[in-house]
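S.K.: This is the structure I have questions about; it appears just below.
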Amino acid sequence: MPSLLSGLDMARQALAAQQYALSLTQRNVAHANDPYYTREAAVFTSSISGGVSLGPRVYIEAARDHFLDYGINRELQMLGKAEVTSEALQQIDALFRGSGGMDLQKAISDFFGSFTQLSSTPEDRILRQQVLSKADVLADTFHRLYSGMQRVQMSQNEAVRYTVDEINSLTSQIAVLNREIRAAQGSGSDEEFRLRDTRQQALEQLSGLVDLTYYETDSGSITVMTQQWSLLVLEDRSHDFSTVTSTEGTLELRLNGENVTNAIESGKLAGLIDVRDNKIGAYLQALDDLAATLVSRVNEQHALGSDRDGLAGGDLFVPFVPPDPTSNAGAASSIKVAITDPDRIAAAAAGAAAGNNENAKLIAAIADESLFGASQTANQFLAALVYRIGSDGKAAGDEMLTQKDVLQSLSNLRSSLSGVNLDEEAINIIKYQRAYQASARYVGVLDSLTNEIIQILGA
Amino acid sequence: MRVTQSEIYRNFVADLEKLNSNLGSISRQFSSGKKVTRLSDSPSASAVLVSLSKQQSDLEYHRLNVDAASLFLTVADSALNEVNNLLTSVHTKGSQAASEILTAEGRAAVGSEIRAMRDQIVSLANSQARGHYIFAGSAVTSAPFVRSGDAVTYHGNEEVSSVVIGDGLEVRQGVPGSNAFDSVFRAIEGLLDGIDSDDLSAIKASLDQFSSAFSDLGQARGQVGANLGLLRNVTVELESQKVGLKEQRGLVEDANMAEVVVRLKEIETALQTTVAAGGSILQQSNLFDILG
């Protein structure tokens with residue numbers, strides 16, 4: 001049976017405990033709108049000494065679910081990639097749409113159409129001039145589209161540079177937080193929980209940028225690695241990404257001395273590199289293939305005919321000599337009309353008179369030849385490219401929406417666990433307030449009891 | 001399930017964002033009248049549009065060729081008709097010259113009338129359209145018929161160009177001048193020889209040659225007429241193909257405006273309701289308000 005005075009002691013502990021719990025509530029309310037804040041709950045236990053309860057003890061419990069955090073990190077990585085991909089492809093999409101139809105399609109059709117038209121009056125210098133100007137338009141359209149896509153590609157490349165800077169700053173921030181958390185670890189203090197919230201925030205920002213996986217060690221530190229197990233943060237040390245300019249002028253990624261340019265699978269960084277190298281790279285390659293094939297086939301047919309003066313036809317376009325024999329890179333950006341005198345257009349069959357249109361018809365017919373593979377005309381090749389750009393853009397846009405939905409539901413799950421509910425806090429305040437009042441009253445009662453004893457003894 | 005205030009706000013914002021993005025895409029359709037305004041709206045429709053655009057362009061160039069061929073053939077047709085009329089007059093004059101009533105002077109006068117008509121025929125045989133000698137075969141840059149004395153010789157060739165006016169469809173843009181006019185000029189030359197030598201039997205014999213000239217002319221007119229007929233049919237056909245392609249294109253890319261308007265209304269309503277609901281949710285009091 002505890003004494004009156006030990007009852008006072010217990011009351012003091014109770015008052016302190018309720019006060020502490022109230023302060024947690026106050027902090028929860030203050031952070032109600034902080035998405036990274038983890039709600040704190042007061043957990044009451046009894047402290048018992050020598051079989052005697054000494055009153056309540058309170059400690060903080062942060063309502064955090066590490067699996068939810070991990071899941072959110074994974075989804076953020078995929079969202080980061082989808083967002084940046086979708087954004088870049090929208091720019092390419094806009095380049096291809098053009099006003100009133102697709103410029104390149106029209107330029108190709110008009111070029112071959114001008115030969116169809118020339119076939120009606122092959123000696124006509126006006127129609128010959130028209131062929132040259134349509135050929136010029138075709139070359140210009142290739143240049144414009146190519147350089148437009150290249151600009152998007154280069155802006156992706158630039159973005160790689162500052163994304164790497166952001167990543168490096170976040171990993172060093174996490175390393176610093178690792179050290180601080182290690183120091184505060186186990187104290188169960190509010191400081192530890194706030195540090196953890198801040199680290200989680202940095203980790204989630206990092207997830208949007210690069211693919212990563214992480215685990216927490218006993219020391220409270222987290223070890224962060226890329227999905228390919230290359231270290232980003234170990235204890236209080238971070239490993240920086242660096243960039244190297246390749247021979248093609250694009251930035252390559254280095255991490256821990258290795259080239260990881262193609263090893264990053266998700267996050268903004270992966271999206272930027274994928275769009276730059278694989279998506280836009282492939283579109284540019286298709287344009288190059290189209291230009292190179294048209295140039296060589298048209299030149300070949302043109303050389304078989306005779307011009308207006310009966311001379312053998314030369315090159316209509318400047319022949320494309322690939323710097324690298326294994327690819328057509330550079331064809332679309334360098335396509336150029338080789339002749340300026342309309343009389344040099346070889347519309348006639350070899351050796352035939354100026355009014356002969358055989359070669360003009362054969363050149364016009366190239367539009368319907370299967371120049372690509374077994375059964376793909378120039379126009380079908382272009383249609384396939386349009387389809388590809390459209391479906392890449394659609395896939396990225398759809399993925400972005402899906403990821404946003406998934407993330408939203410995960411965030412809802414997390415906030416239902418870790419978030420602050422104001423009604424709940426209001427009730428907690430009342431609960432702790434009443435308990436505090438009751439304990440205070442108890443002190444009053446003990447006071448009057450001891451007072452009574454003192455009165456009796458003093459009399 | 002615990003529901004937190006910040007979750008309610010977040011969901012509200014996400015819902016608004018989705019509705020606004022739908023509204024954006026619908027109003028793009030509304031203002032452009034097209035359901036495909038981005039390649040990514042429908043990749044397959046975009047690819048179909050590329051091939052439809054090519055077909056439309058082919059059609060346009062075929063139509064230009066039909067117009068050019070029509071011009072050449074119409075000029076040829078009227079030249080051949082004119083030559084036919086002139087040849088009939090020459091034949092009539094020749095019959096007069098064959099009459100015994102006529103004096104030698106009278107016959108010589110008929111001869112000069114015939115020469116004037118012959119010169120007209122030469123000029124018709126050298127007809128041009130768009131600076132192009134239409135009866136010269138492919139030697140279109142110089143006059144095909146050259147007169148020297150009463151002899152008219154052909155300097156063109158037999159190569160008449162044909163042009164593409166449809167998928168796998170070509171039309172010849174004229175007839176070689178030699179087929180149409182060589183026998184004409186030979187007949188006239190024979191007649192003039194007879195008149196110049198005042199030889200009635202030679203004149204009569206030369207008049208018999210006119211039948212082959214009329215038949216050659218008639219054959220040329222027949223060919224030209226048949227090709228003009230083909231062009232008229234093709235013009236109608238191209239026009240209907242053009243309409244067909246336009247309809248196809250419309251089906252692929254045009255927005256169904258009634259549907260768009262209904263969608264637009266739906267989204268507007270949803271947006272208004274969401275905003276109204278969100279407003280009342282955001283103002284919803286929590287226990288703190290009541291506790292005071």
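The values are calculated or read from the model by the stated rules, or taken from the named source; none is laboratory data. Note that the structure is a prediction, hence the values are computed from the model and not measured. Every residue, glycine as well, gets a Cβ built from its backbone with ideal geometry; the counts of neighbours run over all protein chains shown.
S.K.: From the set of residues in the stretch A:369-385 that are away from chain B (no Cβ under 11 Å) and among the small types (Gly, Ala, Ser), which is nearest to A:Pro122 (Cα to Cα)?
M.R.: The residue in question is A:Ser370.
S.K.: Please pick out the residue among A:Ile345, A:Ile339, A:Ile366, A:Ile335 that is within 14 Å of chain B (Cβ to nearest Cβ), farther than 15 Å from B:Ser161 by Cβ and not hydroxyl-bearing (Ser, Thr, Tyr).
M.R.: Sole residue among the options that is within 14 Å of chain B (Cβ to nearest Cβ), farther than 15 Å from B:Ser161 by Cβ and not hydroxyl-bearing (Ser, Thr, Tyr): A:Ile366.
S.K.: If we scan the stretch A:433-452, do we find a residue that is farther than 29 Å from A:Gln13 by Cα, more than 8 Å from chain B (Cβ to nearest Cβ), touching a residue at least 12 places away in the same chain (Cβ under 8 Å) and in a helix (DSSP H, G or I)?
M.R.: No.
S.K.: Go through (1) within 14 Å of chain A (Cβ to nearest Cβ); (2) farther than 15 Å from B:Asp182 by Cα and name the single condition B:His155 misses.
M.R.: (2)
S.K.: Residue under question is B:Val48, and the condition is that it be within 30 Å of A:Ala395 (Cα to Cα) and surrounded by fewer than 22 Cβ atoms within 10 Å (Cβ to Cβ); does it hold?
M.R.: Spelling it out, B:Val48 is indeed within 30 Å of A:Ala395 (Cα to Cα) and surrounded by fewer than 22 Cβ atoms within 10 Å (Cβ to Cβ).
S.K.: Still on this model: Out of the residues in the stretch A:411-427 that are charged (D, E, K, R) and either touching a Leu at 6+ places or on another chain (Cβ under 7 Å) or farther than 20 Å from B:Phe288 by Cβ (or both), which is nearest to the other protein chains (Cβ to nearest Cβ)?
M.R.: A:Asp423
S.K.: Then there's this: Against the condition in a loop (DSSP other than H, G, I, E, B) and more than 27 Å from A:Gln105 (Cα to Cα), how does A:Ala346 come out, does it pass?
M.R.: no
S.K.: Also, quick follow-up: In this structure, is A:Arg237 over 18 Å from the mean Cα position of the chain (by Cα) and of a type outside the set (Phe, Trp, Tyr)?
M.R.: Considered against the rule, which asks whether it is over 18 Å from the mean Cα position of the chain (by Cα) and of a type outside the set (Phe, Trp, Tyr), A:Arg237 comes out as yes.
S.K.: If I filter the stretch B:26-40 down to residues being touching a residue at least 12 places away in the same chain (Cβ under 8 Å) and part of a helix (DSSP H, G or I), which single residue comes out as surrounded by the fewest Cβ atoms within 10 Å (Cβ to Cβ)?
M.R.: Step by step, filter the stretch B:26-40, then rank; the result is B:Ser32.
S.K.: Another question, then. Say whether the condition of being on the phi < 0 side of the Ramachandran plot, within 22 Å of the chain's Cα centre (by Cα) and aliphatic (A, V, I, L, M) is met by at least one residue in the stretch A:186-202.
M.R.: Yes - at least one qualifying residue is present in the stretch A:186-202.
S.K.: Tell me the residue from B:Leu287, B:Leu228, B:Leu245, B:Leu291 that is closer than 30 Å to B:Arg28 by Cα and either in the same structural domain as B:Ile114 (by TED's automatic domain parsing) or in contact with a helix residue (DSSP H, G or I) (Cβ under 7 Å, 6 or more places away or on another chain) (or both), please.
M.R.: Matching residue, one of B:Leu287, B:Leu228, B:Leu245, B:Leu291: B:Leu245.
S.K.: Looking at (1) within 30 Å of A:Ser155 (Cβ to Cβ); (2) part of a loop (DSSP other than H, G, I, E, B); (3) of a type outside the set (Val, Ile, Thr), which is the one condition that is false for A:Leu76?
M.R.: Looking at each condition in turn, A:Leu76 falls short on (2).
S.K.: Right, another one. When the stretch A:264-278 is examined, which residues are found to be in contact with a helix residue (DSSP H, G or I) (Cβ under 7 Å, 6 or more places away or on another chain) and part of a helix (DSSP H, G or I)?
M.R.: The answer is A:Gly267, A:Lys268, A:Leu269, A:Ala270, A:Gly271, A:Leu272, A:Ile273, A:Asp274, A:Val275, A:Arg276.
For (1) free of Cβ contacts under 8 Å to residues at least 24 places away in the same chain; (2) farther than 30 Å from A:Leu95 by Cα; (3) within 13 Å of chain B (Cβ to nearest Cβ), each residue gets a yes or a no:
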position: A:Ser109; (1), (2), (3): no, no, yes
position: A:Ser119; (1), (2), (3): no, yes, yes
position: A:Thr141; (1), (2), (3): no, no, no
position: A:Ser172; (1), (2), (3): no, yes, no
